[in-house]
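Let me begin by presenting the structure, written as structure tokens, before commenting on it.
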Amino acid sequence: VNRRIQDLQEERGLLEQTPDFSEELLMRIAQTYFSSNRYYEAFWTFWKIYQDYPNGKLAEDSCYGAFALAAQLEQDAKAKETGLKYMGSFPEGKHWEDVSLQLGQVFVRNKEYTTAIDYYTEILKAKPEHTYKDQILYMLGFSQFQDARLVDSRQTFQTLSRDFPDSDKASGGLYWVGMTYLFQDKYQDGLDAFNRFTERSTDGKLYEDASFRKSVCLYGLENYPLAAEKLEEFLREFPVDTLTPEA
């Protein structure tokens, strides 16, 4: 018995000297879940790693993994929790800009437009040369429009088009500029903006909508013959569309 006790004490001493691989093991499990498309299990495993090892060497990657999956799965409450935790814990993190963009998109998806406006405004103050600044400006302008801040929205979209003319968001910005004018009954300005947009973009739902909005602007300008002509063109181009009955 004494020999057995001595052997166990020696074994315990060796075990205590052995590095703890639990954090790495959990990360392998999370990655395996992810590779197997078991995203919910992957999310909870990533989040467990961060909660159990908030100062571990894999803390940043696990917190980011939890956020990215929560956002992808539209588990928005968890996306907000994990996103805010990441931004607060890793202000110089390698995924900070990506998280800052996506977290705002979660606010927009939940129609929390006032929160999104305040949030994105602070992000641009903190990082005026943000890698995804064009996308942030687009989301900011969209939120301002939805919050009926039409002048602010127009200025934001005009900044987007001016500073990022080659961005894939620039042409969409022209559409929303037109919408801000239309909602203020500034029909000529709206018509000009929609014309600029349709000259640059010829596909997608925004193009269809802009084609219809041009007719609305002409109607507002009391140019009824041309408005009717444009409506007929719209019906020929989009015979079956959500706007067809209204046209």
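The values are calculated or read from the model by the stated rules, or taken from the named source; none is laboratory data. Computed from a prediction, not measured in an experiment: that's the story for all the values here. Positions of Cβ are backbone-derived with ideal geometry, glycine not excepted, and every protein chain shown enters the neighbour counts. Note: accessible area is taken over every heavy atom of the protein model, side chains too, but ligands, DNA and RNA are not part of it. Shrake-Rupley method; radii C 1.70, N 1.55, O 1.52, S 1.80 Å.
FRET efficiency for residue 195 and residue 73, Cβ-Cβ distance as r, R0 = 45 Å, nearest 0.05?
Values: r = 41 Å, r/R0 = 0.91.
Between residue 195 and residue 73 the formula returns 0.65.
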statement: As straight-line cross-link partners of residue 127, the qualifying lysines (C-alpha separation under 16 Å, not fewer than 8 residues apart within one chain) are 94
statement: Reduced to Cα centres, the span from the range 1-60 to the range 129-182 in Å works out to 47
message: On the Cα set of the range 96-220, report Rg and Dmax in Å, please.
response: 14.4, 47
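Express the relative contact order of the range 3-159 as a whole percentage, based on alpha carbon pairs under 8 Å and six or more residues apart in sequence. Spell out each step's value before the answer.
Numbers: 156 pairs, mean separation 19.4, N = 157.
About 12 percent, as a whole number.
Just the accessible area per residue of the range 151-211, please: how many Å² with a 1.4 Å probe?
On the way: 2970 Å² over 61 residues.
That works out to 49 Å² per residue.
Counting only other residues whose beta carbon sits under 15 Å from that of residue 162, what net charge do I get with K and R as +1, D and E as -1? Please list the in-between numbers first.
Working: positive: 133, 154, 169, 196, 200; negative: 134, 163, 166.
Counting the neighbours of residue 162, the net charge comes to +2.
If you take the beta carbon distance between residue 92 and residue 31 as r and set R0 to 35 Å, what does 1/(1 + (r/R0)^6) give as a FRET efficiency, to the nearest 0.05? Walk me through the intermediate numbers first.
Details: r = 24 Å, r/R0 = 0.70.
According to the calculation, E is roughly 0.90.
Taking 32 Å as the cut-off for C-alpha to C-alpha distance, list the pairs among 78/186; 85/111; 111/186; 111/133; 133/230; 80/205 that go past it. Walk me through the numbers before you get to the answer.
Working: 78/186 42 Å; 85/111 21 Å; 111/186 27 Å; 111/133 21 Å; 133/230 36 Å; 80/205 29 Å.
Flagged as over cut-off: 78/186; 133/230.
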query: Expressed as an acute angle from 0 to 90° and rounded to the nearest 10, what is the orientation of the C-alpha long axis of helix 96-109 relative to the principal long axis of the chain?
result: 60
task: Name the aspartates and glutamates eligible as straight-distance cross-link partners of residue 57: C-alpha to C-alpha under 13 Å, and not fewer than 8 places from it in the same chain.
output: 20, 23, 24
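At a 1.4 Å probe, what is the % contribution of carbon and sulfur to the accessible area of the chain?
Values: 6950 of 14120 Å².
Summing carbon and sulfur atoms, their accessible area is 49 percent of the total for the chain.
Estimate the FRET efficiency between residue 235 and residue 129 by the formula 1/(1 + (r/R0)^6), using the beta-carbon distance for r and 35 Å for R0, to the nearest 0.05. Walk me through the numbers before you get to the answer.
Details: r = 46 Å, r/R0 = 1.32.
The formula returns an efficiency of 0.15 here.
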statement: Listed by chain and number, the aspartates and glutamates with an alpha carbon less than 17 angstrom from that of residue 214, same-chain partners under 8 positions apart left out, are 185, 189, 192, 199, 203, 222, 229, 232, 233, 237, 241, 246
